[in-house]
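Worksheet: one structure, shown below.
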């Protein structure tokens, strides 16, 4: 039931366009626009939901109830907050570099949005089934470093500057174990196409064959998404809000929403690379593939939030030390072990 | 083993997540206040003998009392508390021998304007059965005005109000 | 060799989330490393000592609540103790016991706040909420006893304001029974966490000699391993009757100071339990004249507050108002070593060191 609901909608739109005699190129373009807007709507809805979810989970962990006034059970709280932030004044500090300062919140949402293009939401449900999907995704997500740095530099604030320096140092050094962890999976599957990687997990998910890679990827992912215990970029108790210190109103909201979008990206990557993507566990295929996909993604997001509201924050030198002295060697070792394993398996002809 | 503390922390937060919540949804439900709660002041003006003990006990000179002599007794005409300066320490209530001044459980004393914060607990004319007596007391009040701690301006104000 | 870069100044505070109030530190930084730290207190100065000169002896008590508003009962106690010494008043037994009970409760409340906000400073906000939740129970007890949650004004010269109300002792017993479990929870969530330990162990080390030279007191001194607790070394009130231990640290780092507070809460619970068991019947107020006029003279007393040695110096000129009142505020004196401690550490460590000293700005600025 509902297995092909999105595919059916897509083919219905395409059929409609064909039937009214739209040329093929135009219908392709229209389909792209439909898919892009669907992705943007999807991200926005998800992010709005994630903000609420984070607040609810943090409240429940902290013996509170959390937002419960706006809308039924507080579900419209984030909507109200976004409206509030939109109506607030966008302050520009006198010492700010205006162009960069204003540009950063405009473009900050782009990298996560771009990343969603190649994500296979369900069986055959990628907007673009790209042959180098994993590579594209890693490349695109690492762009956000520059945008955070833009915001930090443009603010003309020392707290922002410190936060910006931390962004660059942290993201650059955690990009490495992140990619190296994925390399183990890619070595086994021999492809960079996400759909094929998911298909390759038909028998066993890679979390079981590559547990170390999963752990490294998860830790590096927490760091990439700037979440506790690696939320040095914001580090509320040290540098106020890092790069976002001077931003107000919608500018701040964009940064905040991006943070959740990147959590979503990391969780989706985890799901695809290690948790079998849309594949149903135990052959429970009575639920549609996209349902399983979202269930896994949300389990990962819950894990992120659970960790965030339990752990304190690590220090900046410890963060770098941990990244370079622990995660990178471990991920290299993982690649080495994976290679040996593959060689052994191949030689015994498995 | 490294990581044991991390797992323990996750266990604790998981347990708390499922536990009973402690917050109270304020306007809908309220925690019962204890009997000794320091809320808004209440004055039983009939019990008050205008002895000025509370006004003198106050560290911040919050209490302003106006009184006139009716017969042989002091009679309270006006009792104003400048709540904006009050620390709610309870020394005035403690000093009251007549049990006239008390704390209530009203804690909602917010006002939009500073001028409205001031709390007038009693504002009543002196009983005027004996005009001659009253006239005498008025003079006396004027004479006395500087002597009691507070109402230097208040005494003349009362006189002005009466004439 | 590292590349030499220009240092810059970062103004930390007075409006900063984790300076525990309106405290300002001017940091000279080389990258993220502190080259020089200049603490600037004084943003919460209200002139309590001067105000006291225009108040009668009893009227000063509400102002002492506002010194260390987290350990308000102990602040009351410190002042009242000095006036009693000046007048030579013998405090009745029951009042003494009640003082110990509420004083130690206040200490627990203060330490709960200290460890909770320290967890928040390190980045784990959940620990802060847990300690706040449990501190609330102490405040509820205070509200029941005095009518106020924080500005209690409970002590009076020669005794206490009110007797324990009905239902106070069962609630207190329940809290004491729960406290070890709650402490275990904090230990599991905060103390045992490896990240927390990595952040605090061997950070901001104060060697014992330096701690003594800086005149530190309270958990900051004991965290360095110096066994000095006024309740043991120079017992005031009835502290000589109770059996308790003085927890000590080893290294004198942030972690030891934190753990000292953690352990002190359990010891305070022990003291309260003993005081409750030995609580006698009787008056709660000594025979004190209505208008308090101490003889001409001066008195200085010290008590062990939750932050350290809280001293009070009262000079009387024979009138009903003190001629001079001076408070030795432990937070202020403990803060003296901050500038030296911060040098060479990172911004995050400045927050960790400041948090571990456990200052209350109401007391620092007085």
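Away from every other protein chain (no Cβ under 14 Å), out of contact with any helix residue (DSSP H, G or I) (no Cβ under 6 Å at 6 or more places or on another chain) and surrounded by fewer than 17 Cβ atoms within 10 Å (Cβ to Cβ): does that describe residue A:283? For residue A:283, the condition - away from every other protein chain (no Cβ under 14 Å), out of contact with any helix residue (DSSP H, G or I) (no Cβ under 6 Å at 6 or more places or on another chain) and surrounded by fewer than 17 Cβ atoms within 10 Å (Cβ to Cβ) - is met.
With respect to residue A:11, determine if the residue is under 24 Å from the mean Cα position of the chain (by Cα) and either surrounded by fewer than 15 Cβ atoms within 10 Å (Cβ to Cβ) or away from every other protein chain (no Cβ under 14 Å) (or both). So residue A:11 fails the test.
Within the set A:255, A:294, A:302, the sole residue that is at pLDDT 90 or above, closer than 30 Å to residue A:59 by Cβ and more than 14 Å from chain C (Cβ to nearest Cβ) turns out to be A:302.
The helices (runs of 4 or more DSSP H) found entirely in the range B:75-163 that carry 2 or more residues being at negative phi, modelled with pLDDT under 85 and surrounded by 15 or more Cβ atoms within 10 Å (Cβ to Cβ) are B:131-144, B:152-162.
Could you say which residue among A:104, A:115 is under 22 Å from residue A:37 (Cβ atoms), touching a helix residue (DSSP H, G or I) at 6+ places or on another chain (Cβ under 9 Å) and buried (at least 19 other Cβ atoms within 10 Å of the Cβ)? Outline the logic, then answer.
Numbers: A:104 fails: under 22 Å from residue A:37 (Cβ atoms).
Of A:104, A:115, the one residue that is under 22 Å from residue A:37 (Cβ atoms), touching a helix residue (DSSP H, G or I) at 6+ places or on another chain (Cβ under 9 Å) and buried (at least 19 other Cβ atoms within 10 Å of the Cβ) is A:115.
Annotation: residue B:50 fulfils all but one of (1) surrounded by fewer than 19 Cβ atoms within 10 Å (Cβ to Cβ); (2) part of a loop (DSSP other than H, G, I, E, B); the unmet one is (1).
Kindly indicate whether any position in the range C:210-224 is part of a helix (DSSP H, G or I) and either in contact with a strand residue (DSSP E or B) (Cβ under 8 Å, 6 or more places away or on another chain) or within 14 Å of chain B (Cβ to nearest Cβ) (or both). So far as the range C:210-224 goes, no, none of its residues is part of a helix (DSSP H, G or I) and either in contact with a strand residue (DSSP E or B) (Cβ under 8 Å, 6 or more places away or on another chain) or within 14 Å of chain B (Cβ to nearest Cβ) (or both).
Scanning the range C:142-165 for residues that are closer than 15 Å to residue C:284 by Cβ, in contact with a strand residue (DSSP E or B) (Cβ under 8 Å, 6 or more places away or on another chain) and assigned to a loop (DSSP other than H, G, I, E, B) yields C:154, C:158, C:161.
Taking helices (runs of 4 or more DSSP H) that do not extend beyond the range A:45-153, which have at least 2 residues that are within 20 Å of the chain's Cα centre (by Cα)?
Working: elements: A:77-87, A:98-107, A:110-115, A:133-141.
Counting at least 2 such residues, we get A:98-107, A:110-115, A:133-141.
Restricting A:12, A:49 to residues that are over 25 Å from residue A:266 (Cα atoms) and out of contact with any strand residue (DSSP E or B) (no Cβ under 9 Å at 6 or more places or on another chain) narrows the list to A:12.
Taking the criterion of being in contact (Cβ under 8 Å) with a residue 24 or more places away in the chain, in a helix (DSSP H, G or I) and closer than 30 Å to residue A:341 by Cβ, would at least one residue in the range A:246-265 satisfy it?
Checked against the condition, which is being in contact (Cβ under 8 Å) with a residue 24 or more places away in the chain, in a helix (DSSP H, G or I) and closer than 30 Å to residue A:341 by Cβ, the range A:246-265 yields at least one hit.
Take residue B:61 and tell me if it is at positive phi and in a loop (DSSP other than H, G, I, E, B). For residue B:61, the condition - at positive phi and in a loop (DSSP other than H, G, I, E, B) - is met. The number of residues in the range C:117-136 being modelled with pLDDT under 90 and more than 10 Å from every other protein chain (Cβ to nearest Cβ) comes to 0.
Residue C:255 fulfils the conditions (1) within 30 Å of residue C:144 (Cα to Cα); (2) crowded, with 17+ Cβ neighbours inside 10 Å; (3) modelled with pLDDT of 90 or more except for a single criterion, (1).
Tell me, yes or no, whether the range A:220-227 has at least one residue that is within 14 Å of another protein chain (Cβ to nearest Cβ), surrounded by 22 or more Cβ atoms within 10 Å (Cβ to Cβ) and outside any helix (DSSP H, G or I).
At the first step, the residues of the range A:220-227 found to be within 14 Å of another protein chain (Cβ to nearest Cβ) are A:222-223, A:226-227.
When the remaining residues are screened for being surrounded by 22 or more Cβ atoms within 10 Å (Cβ to Cβ), the result is A:222-223, A:226-227.
Now restrict to residues that are outside any helix (DSSP H, G or I): A:226-227.
Checking the range A:220-227: at least one residue is within 14 Å of another protein chain (Cβ to nearest Cβ), surrounded by 22 or more Cβ atoms within 10 Å (Cβ to Cβ) and outside any helix (DSSP H, G or I).
Specify which of the listed residues (C:240, C:229, C:184) is without any contact (Cβ under 8 Å) to a residue 24 or more places away in the chain, farther than 30 Å from residue B:17 by Cα and either away from chain B (no Cβ under 14 Å) or loosely packed, with under 15 Cβ neighbours inside 10 Å (or both). Step through it out loud before you land on a result.
Values: C:229 fails: without any contact (Cβ under 8 Å) to a residue 24 or more places away in the chain; C:184 fails: farther than 30 Å from residue B:17 by Cα.
None of the other options fit; the residue is C:240.
Each residue in the range B:1-34 was checked for being surrounded by fewer than 12 Cβ atoms within 10 Å (Cβ to Cβ) and either in a loop (DSSP other than H, G, I, E, B) or in contact (Cβ under 8 Å) with a residue 24 or more places away in the chain (or both), and 14 pass.
Which residue, of C:156, C:199, is at the interface with another protein chain (Cβ under 8 Å from one of its Cβ atoms) and modelled with pLDDT under 90?
C:199
Out of the residues in the range C:193-209 meeting the condition of being part of a helix (DSSP H, G or I) and over 22 Å from the mean Cα position of the chain (by Cα), tell me which one is farthest from residue C:355 (Cα to Cα). Steps first, please.
So in the range C:193-209, the residues part of a helix (DSSP H, G or I) come out as C:194-200, C:208-209.
The next check asks that each one be over 22 Å from the mean Cα position of the chain (by Cα); those that pass are C:194-199, C:209.
Details: C:194: 18, C:195: 16, C:196: 13, C:197: 14, C:198: 16, C:199: 12, C:209: 22 Å.
If we take residues in the range C:193-209 being part of a helix (DSSP H, G or I) and over 22 Å from the mean Cα position of the chain (by Cα), then C:209 is farthest from residue C:355 (Cα to Cα).
The values are calculated or read from the model by the stated rules, or taken from the named source; none is laboratory data. The structure presented is a predicted model; accordingly, all values stated were derived computationally and were not measured. Positions of Cβ are backbone-derived with ideal geometry, glycine not excepted, and every protein chain shown enters the neighbour counts.
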